[in-house]
Each structure stands twice: as structure tokens, then as C-alpha cells.
Amino acid sequence: GCVLVVSVIEQLAQWHNSTVKAAMERLCDYIPGKYQIMCHMSCCIDREMNADVVCHSLRLCKQDPGQPLCHLYSPPKREKHSSGLFHALAHARPKHQIGSKSFMGFSSVCAFPLLANLCEKIKYILRNKLPFEDFDGDKFSTFPTLRGYHWRGRDCDDKNTTVYPGRRPDNWDARSDSNCNGIWGVDPKDGIPYEEKFCKGADSKGVVLLGDSAGAHFHIPPEWMTVTQMSAKSFANLPMAFSDELDWPQFSEITGFLNSTIGGWTDSLYLRLRKRNRCNHRDLQNISQNGGSSGNLLSLIKSLARNQLLDNPAIVIYATIGNDVCNGERDTLAHMTTPKEMLSNVVQALRYLDSHLPNGSHVILTGLVDGRFLWDNLHDRYHPLGQLNKDVTYSQLYSFLDCLQVSPCSGWLTPNETLRNLTSERALQLSNVLKEIARSEKFANFDTFYMDFPLRQTAEEWRKMGGEPWQLIEPVDGFHPSQIAAALGTGITWQKALHEWPQVLGKENPFNDQIEAIFKDQGGH
């Protein structure tokens, strides 16, 4: 965190040819008020010292006994190895010899009174994975972030626990909208409720994602750390991003429903299902978390909102595409999920679903990604932090994170080709477990399908459109699928389902145009 912030401040000073103090003030002007927690650091930053030296001399970064000295930038020019960094630290000016107590708040942002309330809310949703603002306790909300309607269909009556997206209509919604799809009331011409007329027998179903940070659509805007693009507008979305855990499920591949504001375009399984059958409006749940794996999904799955007796069937996408082989451990192979553990975890999750999903549901198991794509396409490119001075490649970023033991994936984000291959080998073994489960396990309330993660097809599709493979990867973390990759992946998944499992998607509703026409007549209700 320190290296990131100090890098941005130093580059702002360089780009605008200003003092560090002026650059700090500029950054603070960009950032929304209560997030200006790092605005007291300018006294301690010197443009002549790189961010590694500053942060080590502030003691915000430290070297544990027996561990390497972690650094993002190449060591100072005196010597091209880490002793150059030792030398720079030894000669850091006295004003930089500051105890960590002075900056306790920097490493613990929740200590700041203005952020304490938000931190408590975020702790609640991280613990429960349920909307913070949910007055009737039905797991749906009228508030967008903090696990609200960016993650699940928007509630249309947050004071009534029997009104929520995805339920079968109460008395055909003649009097009120019990399932929040906007279709209710009676046609005055014939006295038939609109929901009965347009949605009866329409095979309505919702979409649920059980996933990880890729499914939640983790994204750190590159303009937050690219000083040549930085302005107040760059940070306007900071409060929303923070309260959505740096995830953007509203633009994601499975449950996206808003036009993307983070590049690319939005296309999702939910939007396509809604277009196919307008009665599916708002029936979505993104039950994903950063770090989601087959193991911790067993607790996450309990936040599913589906009533077996009252609700429509659902299409559930099970997609933990990397964290069963990805970890930041030094002996990363020893900490990967084994095929035996994978089998146990997934079957347990499916049994839970079988006891909660309405009959006629479907589950699609998605295989793990082949993450060698990341190193192959990014390692020698410049990271947003390194673009100004051409001094930070993704290879350097990966090594820095690995040294700190916070790498999102030590097995793939490494120059060690043997380790990358072994990680992909384990990923393939786990995908084969999923494939076998789909083939052999039977459940009472849903059928099960398997599909490979469509990375190769996505890359081919993007090349045909004139794109480069690296554009399919999130630029800041160098690890997650980008907005473009998410949108292209939707089309590939949809085509596969359309041709191989048409029963999953349900039939096209012949009344879609009439539903939209009535909406317009009623002022878009």
C-alpha cells in the first residue's frame, strides 16, 4: 500500500514538475473527502528516493529475519542488486527515520473516525455476504452497494419479506408486484392479470453465480495510478468501489445488468436470459467473493436466497476458476486443492443446492482457467505504475507480491516455467473432477453440465476483432479477466448452451414486445 501511494505521489510531482507537497495536495484534491487518509505523508517523501526506500525508511515496509528485502523498483544505481537498496536505506535522511506509530492509521484505515462506520459495514458484509441495507431480511435490498442490488436483483418492497425477485407470482400479481419483475395488475380489456397473460408457462428462471473474484468482477481502475490520466473524475467512483469490495458485479459476465463505465461493454448471461424472456427481470444473484474456492464456497453458498416451494427454478453457474490452485504460499504446490478434496467440496455444495433449489433448476460447472496465459502475455509489458518512466514490468510486480507473500497466484505469476506448468497440470486435474461429477452424479432438483473455461475461444474471438491478448487481462492486478474478456465470454457460453443444452435457457417468450410496449405506455413501470 505504501509503495503504491508513494509511487503515485512521486510520479505526480514529476509529471507536473512540482514539489512533493504540491503533488500530495493535488492527489488529495482528486480523492473524495473522507478517503484522504494518506494526506499526511508528504513530509516524509523525497523525489530523490524511490518508493521502496521511502516505505522501508518509514518502517511501513519491513524485512523479517531470514526473508529477502522486498522491492518493486530496481535497486538504486549504486549497485544493481539488493545491497544497493540496503545502502540507500542506511543513508536515508534523518527526517525519514520515523517510527511506525506515527502512521498507524495508514496501515489500519479503519482507525480513522470518518471511515470507522464504513469499515464496520464492510466487516459485516464480508462476514455474512448479505446486503447491509435489508429491512425485511429477505436477502434483497434497495441499496446498490454493500452487497445490495449490484449483487442481487433489486427489491421492490423492502418492508415485505414475501416480496422479492425470483419468486412465483402471488395470485398472478393482480394487485401488486410480488416478484419485482415490473409486471402486475389486470388488463382492463379482458380482466386477465398481465403476469398470467405474459408469463404463465414461460419457463421463467433466474441466474445465480457461485464464484470467486473473477465472477464478482474484481477491478482496480488503472486511472487511479496512471498519473498522465489522473484527475478528480478518476476517483469519483472510489466510494462505490470501496463499498463493493473493489468488485463490479453490475458489469460482470454472469449477472451484469448496467452499461459498463470501466471500459469495454456489458454482456451477461442474465441480460440474455432477460431478453429471451422479459419475465426474468431482476432475477439474479451474484454469490461470489474475492478469494472464493471450492472450500470456502461451502459457507458462502448459505447466503443463497431461493425458496424451494415459492420460487422459480434457477440456472446456477459454479465457477471457482483459479483459487483452488492459486495461493501466495512459498510452497504453493503443497497448498493447492487436491482432486480428492475438490470432489468432496463440490459434491457437498451440490447437495446443499439440491435441498434449496426449486425442481427444474440447472447447474453448470465451469472448469479452471489455464493461467499460463497471464505470464505469457504480460510479463515483459509495463504495468500502469511503470508506464511513465518505463521502470515497472508485470514481472517485477509479480516478484514484489511474491516476496511479500501476497501474490494472488504464486504458481502462475512466476518466471519459473516448470512451476507454471505444474500449476496448470493441477488445474486440469481439478477440471476433470468437475467433468466427472457432471457426468456421473445425479440430483433430484437439477441436472448438471460441465464446460471448460472459454479462455482460448475468447482470445481467438478478440484477435478476429483486431485486439491483443493482453487486453483480456485486468491491467492493475495483472491477474483477473478484463471487462472485454467478460463480455466476450458471455457470448461463447451462450452459444454453447444454445446448441448443446437448449433446455437450460428456456424458450423465447413470444410476448416480450407486448410487455415492453405496455411498460412504455405506463411510463416505464
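List of remarks:
- Heavy atoms of ASP376 accessible to a 1.4 Å probe, total area in Å² rounded to 10: 90
- What you get for segment 206-513, charging only the Cβ of Lys and Arg (+1) and of Asp and Glu (-1), is a dipole of about 680 debye around the Cα centre.
- Label zone at LEU419, where the point sits 7 Å out along the Cα-to-Cβ direction: segment 360-377 residues whose backbone N lies under 19 Å: 370-377
- Size of charge dipole - segment 306-434 - debye, nearest 20, with Cβ of Lys, Arg +1 and Asp, Glu -1, no other charges: 160
- Paramagnetic reach from PHE135 (point 7 Å along Cα→Cβ, amide N under 12 Å) across segment 147-168: 156-161
- For Cα extents along the principal axes in Å, the value computed from the atomic coordinates appears in the list [x] 70, 58, 49; [y] 95, 65, 45; [z] 86, 47, 42 under label [z].
- Summarising the strand pairing of the chain, around 20 percent of its internal DSSP beta bridges are antiparallel.
- Loop-resident sites, segment 357-426, for chymotrypsin sites (Phe, Trp or Tyr not before Pro), counting at most 16 other Cβ within 10 Å (DSSP): none
- The H on the amide N of GLY206, modeled in the peptide plane, is under 5 Å from the matching H of ALA314, ILE315, each at least 5 residues off or on a different chain.
- Extension reserve of the GLN67-SER176 stretch, reckoned as 0.36 nm per residue once the Cα distance is removed: 32.8 nm
- A quarter of the convex hull surface defined by the alpha-carbon atoms of segment 398-525 gives 13.3 nm² as the mean projection.
- The heavy atoms of ASP513 offer some 130 square angstrom of accessible surface to a 1.4 angstrom probe.
- The spread of Cα positions in segment 206-513, taken along each principal axis and listed from longest to shortest, comes to 59, 47, 37 Å.
- Mean projected area in nm² (Cα convex hull; one quarter of hull surface) for segment 147-278: 10.3
- For segment 206-513, share of DSSP beta bridges that run antiparallel, in % to the nearest 5: 10
- Of the accessible area of the chain, computed with a 1.4 Å probe over protein heavy atoms only, carbon and sulfur atoms account for 52 percent.
- A 1.4 Å probe, protein heavy atoms only, puts the accessible area of SER410 near 10 Å².
- Gain on full stretching of the segment that runs from GLN495 to THR142 - 0.36 nm per residue minus C-alpha separation: 123.8 nm
- Taking 0.36 nm per residue of sequence separation and removing the Cα-Cα distance, the GLU329/LYS189 pair yields an extension gain of 43.7 nm.
- With each label modelled as a point 7 angstrom along the Cα→C-beta vector, the ARG351-ASN290 pair spans 3.3 nm.
- The residues of the chain present an accessible area of 44 Å² per residue when probed at 1.4 Å with all protein chains retained.
The values are calculated or read from the model by the stated rules, or taken from the named source; none is laboratory data. Keep in mind that what you see is a predicted model, and the values were worked out from it rather than measured. No Cβ is skipped: glycine too gets one built from the backbone with ideal geometry, and neighbour counts run over all protein chains shown. Note: areas computed on protein heavy atoms with side chains; ligands, DNA, RNA excluded. Shrake-Rupley method; radii C 1.70, N 1.55, O 1.52, S 1.80 Å.
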